[in-house]
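The next block holds one structure in the form of structure tokens; read it before the comments.
The values are calculated or read from the model by the stated rules, or taken from the named source; none is laboratory data. For clarity, every value in this text was computed on a predicted model and none was experimentally measured. All Cβ positions, glycine included, derive from the backbone under ideal geometry; neighbour counts span all protein chains shown.
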Amino acid sequence: MARGPHENPSHLRLVSESAPHDPARDNGPGITPKARDVDWAILMAHAQDGDSDAYLRLLQETTPYLRSLAQRWYHEPQDIEDAVQDIFLTVHAIRHTYDPARPFGPWLVAIASRRLVDRLRHRGRRKAHEAPLTTEHETFIGTGTNLEEEPDRKGLVAAIDRLPPKQRQAISLLKLKEMSLKEAAKVSGMSIVSLKVATHRALKNLRKMLTDGKDT
Amino acid sequence: MIKTSDLVSSLARDLPPVRRLRPPLVRAGCWLMLAAAILALLAVAQGLRPDLARCLDDPAFVTGLAASLLTGILAAVAAFLVSLPDRSRLWLLLPLPALVIWLSNTGYQCLSQWVSVGPDGISSGEAARCFATLVLTSLPLSLVMLVMLRHAAPLRPRIVTVTGSLSVAALTASALSLFHALDATMMILMWNLGTAIIFVALGGVFSRRMFRWVAPRAPTISQ
């Protein structure tokens, strides 16, 4: 993106004799931009009356022109096509606002630059909330890669081993194997209430053991 | 992802004829006629303020009323013009002089004759009637303008809504000063400036959302 999205797009002009990508040349050497504008205005007026052929011709003739406009803002061919299609959809939705007594070019360029600026703004806003997914993120999520947790894990396993058998069983079923209370009750043969009590006491004991271990 | 040539041919297929918009000045005139009709109906229903004749002798009152009416009219014209894609944005400056006169006149009046509470105190009945006038004037005008300017949704939604809201606010404030005797400065400030600020702010904040209700439907493509 070479330009900021908030810049005034007033440099977009339909009539630009010296533009490097002047699509007027695509229409043949004899056609001046002014004649082309009149052509397009007539086609649009017919399209407003429901002439499909005129509308098709108009959209096809304006496509390379809109593409060259979009090229000033986007580099990816996919983005350029998206922008051109967005402009066409807007033109289609508000084609009744065109007044055939006025030139067609400024009407089209105003809509085009509006859509292009809006799309850039939207994109900038979205980018502000996004972060690229790097290999670092994958490393943190993968369990095998988190080597630094090993010492903590060893201490925790040792502390759990030191718990009384009932509490150890409750912790292993409910917290390590992540069973529900019902499932754990079935497996262990303990009641739900005693499982809850055992877990509570186990956590309390663990907290004590681990913090004591750190303090000393 | 649809190809551009396919999109073009699908848009052109079975193209229904559309009715062209009338010139913006004509459309603004229609809307202003609706506003005049609403004000006239309110005048019949609620009656003008009892001391209107005396007020009309007061140059400050007449200036303020004329300026607020003019702001409403010019802002409506500007909104209808700017809602079209190929009109210059400089039209937005059209209501500015009238707006400056209206606001400075209100401000000057308030500074020079500050009456914090009227002779009979602030009566809640009058405030309620003021509020009724406010809603009865602004609501239909806002809705009609929103529908009339719906084609501006993909173009300049915010600035068009703000200008339209300014027009509604100015006309509403004119209605209030025509129909209600506002003796306390606070009331004048509230009903003039307050209305204007509230409408313009609401317009600015909710412009896109409001237009989404009435916007011409275009099939959206993924970005």
### Query
Of the conditions (1) assigned to a helix (DSSP H, G or I); (2) in contact with a helix residue (DSSP H, G or I) (Cβ under 6 Å, 6 or more places away or on another chain); (3) modelled with pLDDT under 85, residue B:178 fails just one. Which one is it?
(2)
#### Entry: Condition check for residue B:105: at pLDDT below 75 and either basic (Lys, Arg) or surrounded by 17 or more Cβ atoms within 10 Å (Cβ to Cβ) (or both)
no
## Note on the structure
When the range A:74-112 is checked residue by residue, the ones that are at the interface with another protein chain (Cβ under 8 Å from one of its Cβ atoms), charged (D, E, K, R) and closer than 16 Å to residue A:123 by Cα are A:81, A:82, A:86
### Residue that is farthest from residue B:40 (Cα to Cα) [pool: residues in the range B:156-175 that are surrounded by 24 or more Cβ atoms within 10 Å (Cβ to Cβ) and of a type in the set (A, V, I, L, M)]
B:160
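For the range B:73-84, indicate whether the set of residues that are surrounded by fewer than 17 Cβ atoms within 10 Å (Cβ to Cβ) and of a type outside the set (Asp, Glu) is non-empty. Walk me through it before giving the result.
Looking only at the range B:73-84, we keep the residues that are surrounded by fewer than 17 Cβ atoms within 10 Å (Cβ to Cβ), and these are none.
Checking the range B:73-84: not a single residue is surrounded by fewer than 17 Cβ atoms within 10 Å (Cβ to Cβ) and of a type outside the set (Asp, Glu).
Restricting to the range A:74-125, what's the tally of residues that are under 23 Å from residue B:80 (Cβ atoms) and part of a helix (DSSP H, G or I)? Working first, answer last.
So in the range A:74-125, the residues under 23 Å from residue B:80 (Cβ atoms) come out as A:90-115, A:117-118.
Filter once more, keeping what is part of a helix (DSSP H, G or I): A:90-93, A:95-97, A:104-115, A:117-118.
Final tally of qualifying residues: 21.
From A:92, A:46, A:96, grab the single residue that is more than 29 Å from the chain's Cα centre (by Cα) and without any contact (Cβ under 8 Å) to a residue 12 or more places away in the chain. Write out each step before concluding.
On the way: A:92 fails: more than 29 Å from the chain's Cα centre (by Cα); A:96 fails: without any contact (Cβ under 8 Å) to a residue 12 or more places away in the chain.
That would be A:46, the only listed residue that is more than 29 Å from the chain's Cα centre (by Cα) and without any contact (Cβ under 8 Å) to a residue 12 or more places away in the chain.
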### Query
So which residues in the range B:1-55 are within 30 Å of residue A:86 (Cα to Cα), more than 7 Å from chain A (Cβ to nearest Cβ) and part of a helix (DSSP H, G or I)?
B:5, B:6, B:10, B:24, B:25, B:27, B:28
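Results for (1) without any contact (Cβ under 8 Å) to a residue 40 or more places away in the chain; (2) farther than 27 Å from residue B:80 by Cβ; (3) more than 22 Å from the chain's Cα centre (by Cα), shown as yes or no for each residue.
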{"residue": "B:24", "(1), (2), (3)": "no, no, no"}
{"residue": "B:31", "(1), (2), (3)": "no, no, no"}
{"residue": "B:35", "(1), (2), (3)": "no, no, no"}
{"residue": "B:49", "(1), (2), (3)": "no, yes, yes"}
{"residue": "B:56", "(1), (2), (3)": "yes, yes, yes"}
{"residue": "B:67", "(1), (2), (3)": "yes, no, no"}
### Query
Going through the range A:84-118 one residue at a time, which ones are of a type in the set (Gly, Ala, Ser) and in contact with a Leu (Cβ under 6 Å, 6 or more places away or on another chain)?
A:105, A:112, A:113
### Query
Out of all the residues in the range B:73-111, which are farther than 20 Å from residue B:199 by Cβ and either within 14 Å of chain A (Cβ to nearest Cβ) or of a type in the set (A, V, I, L, M) (or both)?
B:84, B:85, B:86, B:87, B:88, B:89, B:90, B:111
